[in-house]
Amino acid sequence: MKRLSIIILSFLILAVWGCNTVIIRPWNSPNALKTSEKIRVFLGKAESDLMIKADGVIFVYDVNDLLIKRAYDAVSLDAKKLKAPIRFVADNPGLEYKGRKFRGEILLQPDKNGNVLLINRVPLEEYLYSVVPSEVPAGWPTEALKAQAICSRTYAIREILNKKDTAYDVESTVNSQAYSGMTKENPRTTQAVRDTEGVLAVYEDDPIHMFFHSNSGGRTETPDQVWGGKRLPYLESVASRFDEAGDNFVWKEILNQDKMDQTLSSLGVGSIQSIQVLSRTPSGRVDLLEVIGKQGTSKIKGKEFRSLLGTSVKSLRFGIKRESEGFLIKGMGAGHGVGLSQWGSFGMAKQNFTYAEIIRHYYQGIEFARITR
């Protein structure tokens, strides 16, 4: 009878949810990681004249967790004179540094090079309250916000697991994930984080490499083409037709002769006469170029070329030719192109795809799991 009831209940769940059913199984971290785990976010190097503010009492503890100072509203010190770590805790959420408020606590940690690292240690889910709206607009469709929450959580978990022996887990810039503290939080994105609390994307029980970018220009790239290494089975190149709704789906830049000569001066070929694309990756991105100058020629990898030109080349899905005004670069998409396209996610959500469908499109063969409490 009990088994029959379970079967009936399962049938009812499937009948109500149908194909939109998302199976989320428990995930037991090999490091006993919990949803309350704190992530260490590197905010920068502390300056000599450092001030921490808060609305209320600020407690300062030494490396042995002994209270060494209690202050109201603000604490100032010469960080360069620190010889051992200290940490700041506020009785009300929100420690302020350089006009930005942060949840959790702030650590000052001297390193072996004579610098003092400023680190925000904050519960993982609260960290995501700021990351999600820093990565995508809070006004986006709910399912796109949930997809970003899962991407950002999975990325953060991998970093926590891989950085146990380092001073911090992630940076506050796009070198890791954009993070701006409490000032960036928004009720809609906070709700998306809460609705997906603890949920990760996993492959063979490991949190996946959850790369994401702004706009793929219609097709994503594989990570080995960008960073080298081996192919990942869940990160194949896929079509991303909903990118058309987003910024920088198509773009163009014109660089004059002086700008191009200056930017590529390190190649030692003299004044640039032409630039030819020699090969492309299977997704259509530039792999190798030949730069022809008055004093010689040089072959250069596409990613190195993009690095030299900076924001003028928004992605490697581009073409280039010489014109009377200079060099015309026309391209599609923005970012490295690997994993989830954020604008593609936006377009899919606008067409009523769920967060699970969005993520499974960009990371094929993955499963969803929730960190056990």
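The values are calculated or read from the model by the stated rules, or taken from the named source; none is laboratory data. Everything numeric here is computed off the predicted structure, so don't read it as measured data. Reconstructed Cβ throughout: ideal geometry from the backbone, glycine too, with neighbour counts over all protein chains shown. We work out accessible area using only protein heavy atoms, side chains counted, and drop any ligands, DNA or RNA first. Shrake-Rupley method; radii C 1.70, N 1.55, O 1.52, S 1.80 Å.
Helical content of the chain, expressed as a calculated mean residue ellipticity at 222 nm, amounts to -7500 deg cm²/dmol (DSSP H runs of 4 or more residues, -39,500 (n - 2.57) each, divided by residue number, nearest 500). Just how many % of Cα pairs in segment 223-373 lie over 27 Å apart, if you round to the nearest whole percent? Distances greater than 27 Å cover 34 percent of the Cα pairs.
Beyond 19 Å in Cα-Cα separation lie the following of the pairs Lys45/Lys81; Lys45/Lys112; Lys80/Lys184: Lys80/Lys184. Peptides 157-164, 238-245, 129-136 ranked from most to least packed, by the mean per-residue count of other Cβ atoms within 10 Å: 129-136, 238-245, 157-164. In a Debye calculation with equal point scatterers on the alpha-carbon sites of the chain and no solvent, what is log10 I(q)/I(0) at q = 0.12 Å⁻¹? Calculated log10 I(q)/I(0) at the listed q: -1.01. Size of segment 176-229: Rg and Dmax of its alpha carbons, in Å, are 15.0, 40. Here the chain exposes an accessible surface that is 49 percent carbon and sulfur, computed with a 1.4 Å probe and the other protein chains kept in place. Packing, taken as the mean count of other beta carbons within 10 Å per residue, orders the peptides 248-254, 310-316 from highest to lowest as 310-316, 248-254. Peptide packing: for 93-102, 336-345, the average count of neighbouring Cβ atoms within 10 Å per residue gives the ranking 336-345, 93-102, highest mean first. In the context of the full set of protein chains, the chain has a per residue accessible area of 49 Å² (1.4 Å probe). All Cα-Cα separations within segment 308-373 were binned at 5 Å from zero, giving a P(r) of 3, 13, 17, 15, 14, 11, 10, 7, 5, 2, 1, 1, 0, each value a whole percent of the pairs. Size descriptor for segment 264-335, Kirkwood hydrodynamic radius: 12.4 Å (Cα pairs only, one decimal). Taking every full run of DSSP H in the chain, the ones that stretch at least 20 Å from end to end by Cα along their long axis and average -1.0 or higher on the Kyte-Doolittle scale are 2-17, 142-162. Residues considered: Gln273, Gln148, Gln177. Largest GNM mean-square fluctuation over the chain, using C-alpha springs under 10 Å, is found at Gln273. Pairs exceeding 24 Å between alpha-carbon atoms, taken from Lys230/Lys301; Lys69/Lys101; Lys38/Lys230; Lys294/Lys321; Lys53/Lys163; Lys252/Lys301: Lys38/Lys230; Lys53/Lys163. For the pair Lys98 and Glu290, the difference between a 0.36 nm per residue extended length and the Cα-Cα distance amounts to 64.6 nm.
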